[in-house]
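*Asks:* Below: one structure in structure tokens.
The values are calculated or read from the model by the stated rules, or taken from the named source; none is laboratory data. Remember, predicted model here, so these are calculated numbers, not experimental data. Methodologically, a virtual Cβ is constructed for each residue, glycine included, from the backbone with ideal geometry; neighbour enumeration extends over all protein chains shown.
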Amino acid sequence: MSERAKGLWAKVQPGDVVVFYATGRGVIGYGVVEGRFESGEPLWPREREQGRAIWPYRIKIRVEKVFERPKPRPKGMLVAFAINKLGEEAFNELFW
């Protein structure tokens, strides 16, 4: 995550459940946060091209499930930022 999103990153805690969303596809799976860390190592293609970490705030996630078919994004699910809290109603719509 970028410097701009550091405040959101700092709120993520081990044990939090995260949902993976792909723009134009939908929800593709979920996982559990194992921890968060900072790294200056370039990871993504754009970072490698620039030779520096653009998104140094990272989250280690244990993937629990990748859906065979993407699920539609629930009405209450925001996707404007790198991390968004998913309300209980939206969570239940995806998983129950």
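*Asks:* Is the stretch 27-34 home to any residue that is surrounded by 11 or more Cβ atoms within 10 Å (Cβ to Cβ), assigned to a strand (DSSP E or B), free of Cβ contacts under 8 Å to residues at least 40 places away in the same chain and of a type in the set (A, V, I, L, M, F, W, C)? Walk me through how you get there before you give the answer.
*Replies:* Taking the stretch 27-34 first, the residues surrounded by 11 or more Cβ atoms within 10 Å (Cβ to Cβ) are 27-34.
Among the residues that remain, those that are also assigned to a strand (DSSP E or B) are: 27-34.
From what's left, free of Cβ contacts under 8 Å to residues at least 40 places away in the same chain: 29, 31-34.
Going one step further and asking which of them are of a type in the set (A, V, I, L, M, F, W, C), we end up with 32-33.
Checking the stretch 27-34: at least one residue is surrounded by 11 or more Cβ atoms within 10 Å (Cβ to Cβ), assigned to a strand (DSSP E or B), free of Cβ contacts under 8 Å to residues at least 40 places away in the same chain and of a type in the set (A, V, I, L, M, F, W, C).
Here is a yes/no grid of residues against (1) over 18 Å from residue 5 (Cβ atoms); (2) in a strand (DSSP E or B):
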| site | (1), (2) |
| --- | --- |
| 19 | no, yes |
| 36 | no, yes |
| 47 | no, no |
| 61 | no, yes |
| 66 | yes, yes |
| 70 | yes, yes |
| 73 | yes, no |
| 86 | no, no |
| 94 | yes, no |
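*Asks:* Moving to a separate point now. Test residue 45 against the stated conditions and say whether it is at pLDDT 80 or above, over 19 Å from residue 29 (Cβ atoms) and touching an Asp or Glu at 6+ places or on another chain (Cβ under 6 Å). So that I can check it myself, show each step before the final result.
*Replies:* On the way: at pLDDT 80 or above: yes; over 19 Å from residue 29 (Cβ atoms): yes; touching an Asp or Glu at 6+ places or on another chain (Cβ under 6 Å): no.
Taking the combined requirement at face value, the residue does not satisfy it.
*Asks:* Turning to a different aspect of this structure: State the number of residues belonging to the stretch 35-52 that are basic (Lys, Arg) and in contact with a Gly (Cβ under 8 Å, 6 or more places away or on another chain). If you could, list the steps in order and put the result at the bottom.
*Replies:* Here is the first cut: in the stretch 35-52, the residues basic (Lys, Arg) are 36, 46, 48, 52.
Right, trim to in contact with a Gly (Cβ under 8 Å, 6 or more places away or on another chain) and you get 52.
Here the count works out to 1.
*Asks:* For the stretch 10-22, indicate whether the set of residues that are of a type in the set (Ser, Thr, Tyr) and touching a helix residue (DSSP H, G or I) at 6+ places or on another chain (Cβ under 9 Å) is non-empty. Walk me through how you get there before you give the answer.
*Replies:* From the stretch 10-22, those of a type in the set (Ser, Thr, Tyr) are 21; that's our starting set.
Imposing the further condition that a residue be touching a helix residue (DSSP H, G or I) at 6+ places or on another chain (Cβ under 9 Å) reduces the set to none.
Within the stretch 10-22 (the criterion being of a type in the set (Ser, Thr, Tyr) and touching a helix residue (DSSP H, G or I) at 6+ places or on another chain (Cβ under 9 Å)), the answer is no, since none of the residues qualifies.
*Asks:* Which members of the stretch 1-26 meet the condition of being among the polar types (S, T, N, Q) and surrounded by 12 or more Cβ atoms within 10 Å (Cβ to Cβ)?
*Replies:* Taking the stretch 1-26 first, the residues among the polar types (S, T, N, Q) are 2, 13, 23.
Of everything in the stretch 1-26, just one residue is among the polar types (S, T, N, Q) and surrounded by 12 or more Cβ atoms within 10 Å (Cβ to Cβ), namely 2.
*Asks:* Give the residue that is surrounded by the most Cβ atoms within 10 Å (Cβ to Cβ), with candidates limited to residues of the stretch 48-81 that are aliphatic (A, V, I, L, M), in contact with a Lys or Arg (Cβ under 9 Å, 6 or more places away or on another chain) and touching a residue at least 24 places away in the same chain (Cβ under 8 Å). So that I can check it myself, show each step before the final result.
*Replies:* First, the residues of the stretch 48-81 that are aliphatic (A, V, I, L, M): 53-54, 59, 61, 63, 66, 77-80.
Right, trim to in contact with a Lys or Arg (Cβ under 9 Å, 6 or more places away or on another chain) and you get 54, 59, 78-79.
When the remaining residues are screened for being touching a residue at least 24 places away in the same chain (Cβ under 8 Å), the result is 54, 59, 79.
Numbers: 54: 14, 59: 18, 79: 10.
Out of the qualifying residues, it is 59.
*Asks:* Within the stretch 73-81, identify whether any single residue is aromatic (Phe, Trp, Tyr) and touching a strand residue (DSSP E or B) at 6+ places or on another chain (Cβ under 8 Å), and answer yes or no.
*Replies:* So the first thing to find is which residues in the stretch 73-81 are aromatic (Phe, Trp, Tyr), and the list is 81.
Of the ones still in play, those that are also touching a strand residue (DSSP E or B) at 6+ places or on another chain (Cβ under 8 Å) are none.
No, the stretch 73-81 contains no residue that is aromatic (Phe, Trp, Tyr) and touching a strand residue (DSSP E or B) at 6+ places or on another chain (Cβ under 8 Å).
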